[in-house]
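The values are calculated or read from the model by the stated rules, or taken from the named source; none is laboratory data. The structure displayed is predicted, hence computed values, not measured ones. Cβ sites come from the backbone with ideal geometry, for glycine too, and all protein chains shown count toward neighbours. Keep in mind that these areas ignore ligands, DNA and RNA; they rest on the heavy atoms of the full protein, side chains included. Shrake-Rupley method; radii C 1.70, N 1.55, O 1.52, S 1.80 Å.
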Protein chains: 2
Amino acid sequence: MPLRHIRIVGSGLIGTSIGLGLVQRGVQVTMVDSDALSQKLARDLVQSSSTEVPDLILLATPIASIRSALESERNTSVKLGFMDISSVKTKVKVDVTASGLPTTNFLPTHPMAGREVGGAESARADLFQGRPWIVDSEGVDSNLVGAGRELIEILGAHPIEMKSAEHDQAVALVSHLPQLVASLLAGQLSDAKDDWLDLAGAGLRDTVRIAGSNPKLWREIISSNSEAIKPLLERLIADCSALLVDLKDEENVARVISRGNEGRAKIPGKHGGKAREYTYLPIVIEDKPGQLAALFDECASAKVNVEDLSIEHSPGQFTGLITLALSESDSEKLSDHLRKKNWSVHAARSSLQ
Amino acid sequence: MPLRHIRIVGSGLIGTSIGLGLVQRGVQVTMVDSDALSQKLARDLVQSSSTEVPDLILLATPIASIRSALESERNTSVKLGFMDISSVKTKVKVDVTASGLPTTNFLPTHPMAGREVGGAESARADLFQGRPWIVDSEGVDSNLVGAGRELIEILGAHPIEMKSAEHDQAVALVSHLPQLVASLLAGQLSDAKDDWLDLAGAGLRDTVRIAGSNPKLWREIISSNSEAIKPLLERLIADCSALLVDLKDEENVARVISRGNEGRAKIPGKHGGKAREYTYLPIVIEDKPGQLAALFDECASAKVNVEDLSIEHSPGQFTGLITLALSESDSEKLSDHLRKKNWSVHAARSSLQ
């Protein structure tokens, strides 16, 4: 049964992005928010509404507001029931039970869709494209489950079935622990001398990138999932303390670095397959508009597919370094092609840094 | 006095890159390595040699080999003296004193040139372009200091004067601690379920990128600088333990995230200025060769300067998402330009993720 009308309660980044994505695919959407101004903005952005009874009510509020949202929506007519999208699932199930709603009418889900912050104005219809979206359908009405999965697929995401308790452990490891580690590491820089930070390279910058995250969002996520995060932080402290016992012992240090190599190699690449090995081709270009276009014209005429790239350049210096990520065969093809045309191509490398 | 001839002992990534860079700028170079095969490879790559007495002997060996390299080079004629490039400086000065060489004839330096691994075959003449290069000239003969600084500038790097002890503390903070933290975090993934890792996003991938580093290289760096690293790791453990006292306390969590925000904001941007705020403009394109070229043609005709970009696409899906980093005014200009030409431009954002 195709979805006709979804009522979305909560007009932050996720709720509004879902609204935009659904409307783009012909589903009617009604945006609701307890804050009148936020509701108006969301309705301006997601230009849709319907008097028809909604198929389901999607709760896209902060975790702390799930229970009050359920209470205020108690008398809204709905065909199938509720679904949520919050980052922590066990706590939400407890709140649903406490609200008196039969759990069979509530589908807990969680889209793994990046960590952007910024509310409705940052919403994008394509936010969920190609991303995993966890669904815990245990004990939930099968029509509600079907509608929830359909909604996920309409948005271009792929539903992954996982129990709430396991979900919370998984995100504690792959999302919440990295957030805390990046924040704790970046915190060590807060009283450092500026001269020292001038020595920072791409390694430090990447390691602390997510330390830029929004404290308002994360205080709630971490505290709501503290049970799952605690043993992970304890294990990290134990590993850290074991390393500290003898930092002069090269074997001890090498074990930590090697175990890190193994852990990192387990992360799938961004295309969902296991981490892919690209070949990195450095090309020095003049740092001015038009040079990138000329380079990509060459890529097109050599018929190679650029998988990723990075740009490093210094103003005041008339060159920039572009590094293209390519398959090994495309790298060879492009390297030959560019050399013939007198581009400044350097030796291809197997790692970016 | 222009440099005429540099003798480089050690033909790994750094030594060979220095050799390539110097030869490209007309300086004669003799590559030397205690391993005959490595020496042959380095000499094939850096096609230069001279019978003239070298201006200086540059030691580009692992830290543990500095002393034996000094001993084997004891009888080589040299005009000004020695210079090294290793990642830890206090230990090297101790080894120099122990070798009997007057410290006035040894210039300790350290190029901050990324963390690539891979030996001579990964060498690049432009490796040091725009990078800081630490020099500790305290008590060193002024002609040797002048020659060392000239060498650094020839390679496009900028010399920064810093005492060895302070250097070791600075790199402990901005390079060695992040390496250990990334490795320890990635180590937590080594026994995780594959299903869980399928949920990983760009945040985790960036945080553990440098966990891919070479254990052989890092075991030596960490153990040689253990004195400076130890108090930093201890402080990190203390901060981590303080957080653990009450993970359910939102104020406690928010303090850690906010302090991370502050620390991250102190890191200068890649252009050497303080971290720059870009505007990020997402554009959906067809995922096929030629589309990037067409997009950059538009950038050139709109006369905007692309500062950085990322590509996210899934094979089997005929679209790709390009995110361009631009100044705010260039973002507005390009967004208008592309919309008029019917490109699929999405709303600009103030952060990448």
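The set of residues from region A:10-31 being outside any helix (DSSP H, G or I) and touching an Asp or Glu at 6+ places or on another chain (Cβ under 8 Å) comprises A:Gly10, A:Ser11, A:Gln28.
Conditions (1) open to solvent by 20 Å² or more (accessible area, probe 1.4 Å); (2) of a type in the set (A, V, I, L, M, F, W, C); (3) under 20 Å from A:Ala211 (Cβ atoms), marked per residue:
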| residue | (1), (2), (3) |
| --- | --- |
| B:Asp195 | yes, no, no |
| B:Arg209 | yes, no, yes |
| B:Pro215 | yes, no, no |
| B:Ile222 | no, yes, no |
| B:Asp239 | yes, no, yes |
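Could you tell me whether region B:129-137 includes any residue that is within 14 Å of chain A (Cβ to nearest Cβ), open to solvent by 20 Å² or more (accessible area, probe 1.4 Å) and among the aliphatic types (A, V, I, L, M)? The answer is no; no qualifying residue exists. A search for C-beta distances below 7 Å between a residue of region B:237-258 that is facing chain A (nearest Cβ under 7 Å) and any residue that is surrounded by fewer than 17 Cβ atoms within 10 Å (Cβ to Cβ) and small (Gly, Ala, Ser), counting only pairs 6+ apart in sequence or on different chains, returns B:Ile237/A:Ser241.
The requirement of being outside the structural domain of A:Ser226 (by TED's automatic domain parsing), of a type in the set (Lys, Arg) and at pLDDT 95 or above is fulfilled somewhere in region A:69-85, by at least one residue. Checking every residue in region A:17-24 against the condition of being within 23 Å of A:Ser213 (Cβ to Cβ) and either hydroxyl-bearing (Ser, Thr, Tyr) or in contact with a strand residue (DSSP E or B) (Cβ under 7 Å, 6 or more places away or on another chain) (or both) gives at least one match. In region B:156-210, the qualifying residues are those that are among the acidic types (Asp, Glu) and assigned to a helix (DSSP H, G or I), and the one that is nearest to the other protein chains (Cβ to nearest Cβ) is B:Asp206.
Quick check, is B:Leu144 of a type outside the set (Ser, Thr, Tyr), in a helix (DSSP H, G or I) and more than 20 Å from the chain's Cα centre (by Cα)? Answer is yes for this residue. Out of A:Leu58, A:Leu101, one residue alone is outside any loop (DSSP other than H, G, I, E, B) and touching a strand residue (DSSP E or B) at 6+ places or on another chain (Cβ under 8 Å). It is A:Leu58.
Residue-wise test of (1) within 26 Å of A:Glu161 (Cβ to Cβ); (2) surrounded by fewer than 24 Cβ atoms within 10 Å (Cβ to Cβ).
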| site | (1), (2) |
| --- | --- |
| A:His5 | yes, yes |
| A:Ser17 | yes, no |
| A:Thr30 | no, yes |
| A:Arg74 | no, yes |
| A:Ser87 | yes, no |
| A:Thr90 | yes, yes |
| A:Ala98 | yes, yes |
| A:Leu101 | yes, yes |
| A:Phe106 | yes, no |
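Could we say that A:Asp330 is at pLDDT 70 or above, more than 28 Å from B:Ala157 (Cα to Cα) and open to solvent by 20 Å² or more (accessible area, probe 1.4 Å) here? Here the answer is yes, as A:Asp330 does meet what is asked. Against the list (1) of a type in the set (D, E, K, R); (2) modelled with pLDDT of 75 or more; (3) over 21 Å from A:Ala113 (Cβ atoms), the condition B:Lys274 fails is (2). Here region A:224-233 is the region considered, the condition is being at the interface with chain B (Cβ under 7 Å from one of its Cβ atoms) and not hydroxyl-bearing (Ser, Thr, Tyr), and the residue that is most open to solvent (accessible area, probe 1.4 Å) is A:Lys230.
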